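First the structure, in the form of structure tokens, and then the observations on it.
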Amino acid sequence: MTSTLNRPSDGQGSVQVHQDPSVQIQEGALVIAVYGKGGIGKSTTSSNLSAAFSKLGKKVLQIGCDPKHDSTFTLTHKMVPTVIDILEEVDFHSEELRPEDFMFQGFNGVMCVESGGPPAGTGCGGYVTGQTVKLLKEHHLLEDTDVVIFDVLGDVVCGGFAAPLQHANYCLIVTANDFDSIFAMNRIVAAIQAKAKNYKVRLGGVVANRSAETDQIDKFNERTGLKTMAHFRDVDAIRRSRLKKCTIFEMEPTEDVLEVQNEYLSLAKKLSESVQALEAEPLKDREIFDLLGFD
Amino acid sequence: MELTLWTYEGPPHVGAMRIASSMKGIHYVLHAPQGDTYADLLFTMIERRGERPPVTYTTFQARDLGGDTAELVKGHIREAVERFNPEALLVGESCTAELIQDQPGSLAHGMGLDLPIINLELPAYSKKENWGAAETFYQLVRGLLKDKVDGQTTHDPRAWKQEERNPKVNLLGPSLLGFRCRDDILEIKKLLNEHDIDVAVVAPLGATTADLLEIPKSDINVCLYPEISESTCNWLEKNFGMPFSHTVPIGVGATKDFLTEIHKLLDLPLKPNNANNESKLTWYSQSVDSNYLTGKRVFIFGDGTHAIAAARIAKQELGFEVVGLGTYSREMARPVRKAAEAIGLKALISNDYLEVESAISEAAPELVLGTQMERHCAKRLGIPCAVISTPMHVQDVPARYSPQMGWEGSNVIFDDWVHPLMMGLEEHLIGMFRHDFEFTDGHQSHLGHLGAGKAATDNSSLTESQKEDKAISESVNLDSPIWTPEGKEELSKIPFFVRGKVRKNTEKYARQAGCRKIDSETMLDAKAHFKG
């Protein structure tokens, strides 16, 4: 009779590579990673959410993880240099750097960092994010921070996609009420569930963006166990705020602007007070086609 | 990281040891293999301490790696706490132990011990000793004080006025294995007391955890050694609103600036200077005999703080010409670059002692101000040298009072720098009078046992004068002019430290003028040519 040895739990003899413990973000900061299909409005959502947290009196740090480094643009009103640009300037002698070289104060005291990254198709975005977190930690920038928001790049699923998951408590997924972005969301859910086995990261919820209706999203949520935490209609003020290089909180307080502001504030409040980890089960590709069809 | 025979700084856990040993009632459990205990010697041999550092090593061996090293760590932590009963425990690992990833800090936190535990994460492969010391001091201060941060930064540095008491300051940064910290503390205390400013907490050197808790009660912090205490001072400013001083009072000018800055931060009117209390350096600089120092070429290398201070003293207070300025400290690269640019130099930022040695040899200074390592290479090059910065040798930890800071510090610096220079003149006197009939062979200059008369066959045992002579006699190649015996003798009368330059210039002139031979007349012509 043959018997199978008990397989040791992960981490003992398994091939799963764990993150270097010295780069963990610690000490109770709420870490949120914002995911979603490319072009869906992650940077806009992240920046407005950062601004909302700061309005609630939190110390916020936003880390843009996209090589195109425009995540924090509406907070700082300019394109700030990336960590990789700055590291190159000092020949990667990070000891020479001072926080003001790579961290910039934006709207209402939000601290902004752009990790930057390799050009598309080369290098590793995950390495860049890792270096950024290390640098922030060495300069004690994570110690007295209440909320850290990672604005993740949308188009690639690689190290750059996975690295923020190692630090985050909760993931937000930004999606529109259309098949493509929900399809992308489904894949993101699968990736997060895989990571959640070894890391503290959990699904926070869905941000419905730029959509009048949410029927498709609702259908998907019901099947998978996800929940919508905030809903932004296709409000022109959000588009205009980006053109004006500012957050929604700096716009003329018209009725629709106030409504959007309140929705961001309530999202920030939910995240800091009553967020619950969701146990969502991603669909197989076939199932999602059957569910949402091609309409 | 690179392999080297010699480094300016140790790994970061040595920095942590410096903080632990500097303080009272702290114990450091260091997860490290057997060999890493060597660092104890730095404290017993160089600082000549009466006790070993308060460090417990886990000293794991090869066979432990097959077992449970985490249990080994916990056992040592338990024993250390029972035996030493510390007020706070530092837990960390050395470079080798970092690779095992036992996370001793987390282990210690999980043991339910009833004392503050500071988990030190010191990346051994990218950071060095001073960074490790600064980080340890920061984590210790923050660990003990973070619960007292109330979000209200209403600290008023002028509170001493309403409370009708003397202003109170903390001196932050002095540590063991720092440069003359013990005496700097006394000197700065004396200086501040003369201005009716009290010193409350001095840390880390001599401080207890109870002292660290008192830090926010003072009016301002004095950041004496930025390498060690700048990050802590920044944190205290951000979280408690305590301003801190940035001027390091080394040299007469910097001491004056320091007093001005402290008074401004405290909103205290500065009393007019009492000439008796001031340094004697200014008096000496005005003396009739002092001008022989003027224009001496000096090369400066050390930690950031001491190198920048030395450059200022050399340039502004002694009238030296600074021909090189650099540091091994990457963290201080920026201010050093700025200081170098201000005097028209490009700073040398390097932790490769061979690179520093070749820069010194290239700059051909008359005096080297450096670390223990520059003393070695200055000796090899036959150039006078004074040590101004760590890393240092036993002889740089003198028994007598010899601060670097404040008025007395300026006196000490003046003596330390000028003595080797005056001795250096002897070398050229030996050169000048070597041909005198009264001169006995075998005279030794201060530059060692390389006495001028010693029969020498290889360059390593030649004096500078002899090396020059040798170079001249060997320089017979086709396009070089030939030195006549008369010309050679004339050249040998020229002080050794400028002889090389005179020889090159004379040969250049001879080539331009089409002379094949150089005699005393050619030399005079060349001199006239370059002067005109």
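The table that follows gives values for the structure above.
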{"item": "B:K280 being over 14 Å from the mean Cα position of the chain (by Cα) and at pLDDT below 95", "result": "yes"}
{"item": "Candidates A:A237, A:A208, filtered to the one that is farther than 30 Å from A:Y127 by Cβ and in contact with a His (Cβ under 6 Å, 6 or more places away or on another chain)", "result": "A:A208"}
{"item": "Evaluation of B:T136 against (1) more than 14 Å from chain A (Cβ to nearest Cβ); (2) surrounded by 23 or more Cβ atoms within 10 Å (Cβ to Cβ); (3) not in a strand (DSSP E or B) (one fails), failing number", "result": "(1)"}
{"item": "Close pairs from region A:179-197: first under 9 Å from A:K37 (Cβ atoms), partner of a type in the set (D, E, K, R) and at pLDDT below 90, Cβ under 6 Å, at least 6 apart", "result": "A:S181/A:K37; A:A184/A:K37"}
{"item": "Residue within region A:155-173 that is modelled with pLDDT of 90 or more, crowded, with 21+ Cβ neighbours inside 10 Å, in contact with a strand residue (DSSP E or B) (Cβ under 7 Å, 6 or more places away or on another chain) and closer than 21 Å to A:E287 by Cα present", "result": "yes"}
{"item": "Long-range neighbours under 6 Å by Cβ, at least six apart or interchain, first residue within 14 Å of chain A (Cβ to nearest Cβ) within region B:305-330, second in a helix (DSSP H, G or I) and buried (at least 21 other Cβ atoms within 10 Å of the Cβ)", "result": "B:T327/B:G304; B:T327/B:A307; B:T327/B:V336; B:S329/B:G304"}
{"item": "Candidate set from region B:334-361 (those that are assigned to a helix (DSSP H, G or I) and of a type in the set (S, T, Y)); member that is surrounded by the most Cβ atoms within 10 Å (Cβ to Cβ)", "result": "B:Y353"}
{"item": "Residue match in region B:297-317 (condition: assigned to a loop (DSSP other than H, G, I, E, B) and surrounded by fewer than 21 Cβ atoms within 10 Å (Cβ to Cβ))", "result": "no"}
{"item": "Candidate set from region B:518-532 (those that are touching a helix residue (DSSP H, G or I) at 6+ places or on another chain (Cβ under 9 Å) and over 17 Å from B:S492 (Cβ atoms)); member that is surrounded by the most Cβ atoms within 10 Å (Cβ to Cβ)", "result": "B:D525"}
{"item": "Odd one out for B:H376 among (1) assigned to a loop (DSSP other than H, G, I, E, B); (2) at pLDDT below 95", "result": "(1)"}
{"item": "Failed item in (1) farther than 16 Å from A:S46 by Cα; (2) among the hydroxyl-bearing types (S, T, Y); (3) over 19 Å from the mean Cα position of the chain (by Cα), with A:S241 passing the rest", "result": "(1)"}
{"item": "Any hit, region B:217-233, residues being of a type in the set (V, I, T), more than 14 Å from every other protein chain (Cβ to nearest Cβ) and under 24 Å from B:T390 (Cβ atoms)", "result": "yes"}
{"item": "Selection status of A:K55, under 21 Å from A:V174 (Cα atoms), touching a residue at least 60 places away in the same chain (Cβ under 8 Å), basic (K, R) and surrounded by 15 or more Cβ atoms within 10 Å (Cβ to Cβ)", "result": "no"}
{"item": "Selection count where residues are of a type in the set (S, T, N, Q) and either within 11 Å of chain B (Cβ to nearest Cβ) or more than 20 Å from A:S241 (Cα to Cα) (or both), scope region A:60-104", "result": "2"}
{"item": "Meets criteria (out of contact with any Phe, Trp or Tyr (no Cβ under 9 Å at 6 or more places or on another chain) and either modelled with pLDDT under 85 or within 29 Å of B:I197 (Cβ to Cβ) (or both)) for B:R158", "result": "yes"}
{"item": "Number of positions in region B:481-507 that are over 30 Å from B:L421 (Cα atoms) and in a helix (DSSP H, G or I)", "result": "2"}
{"item": "Flag for A:D218 being surrounded by fewer than 24 Cβ atoms within 10 Å (Cβ to Cβ) and free of Cβ contacts under 8 Å to residues at least 60 places away in the same chain", "result": "yes"}
{"item": "Which listed residue is farther than 22 Å from B:N170 by Cα and either among the small types (G, A, S) or in contact (Cβ under 8 Å) with a residue 60 or more places away in the chain (or both), from B:T154, B:T96, B:T136", "result": "B:T96"}
{"item": "Subset of region B:81-107 (residues that are assigned to a helix (DSSP H, G or I) and either within 19 Å of B:V14 (Cα to Cα) or within 14 Å of another protein chain (Cβ to nearest Cβ) (or both))", "result": "B:C95, B:T96, B:A97, B:E98, B:P104, B:G105, B:S106, B:L107"}
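Condition check ((1) at positive phi; (2) more than 20 Å from the chain's Cα centre (by Cα); (3) part of a helix (DSSP H, G or I)) across all residues:
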{"site": "B:L5", "(1), (2), (3)": "no, no, no"}
{"site": "B:V14", "(1), (2), (3)": "no, no, yes"}
{"site": "B:R18", "(1), (2), (3)": "no, no, yes"}
{"site": "B:L30", "(1), (2), (3)": "no, yes, no"}
{"site": "B:L42", "(1), (2), (3)": "no, no, yes"}
{"site": "B:M45", "(1), (2), (3)": "no, no, yes"}
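The values are calculated or read from the model by the stated rules, or taken from the named source; none is laboratory data. Because the structure is predicted, anything quoted here is derived from the model rather than measured. Counting neighbours? That spans all protein chains shown, and the Cβs are built from the backbone with ideal geometry, glycine included.
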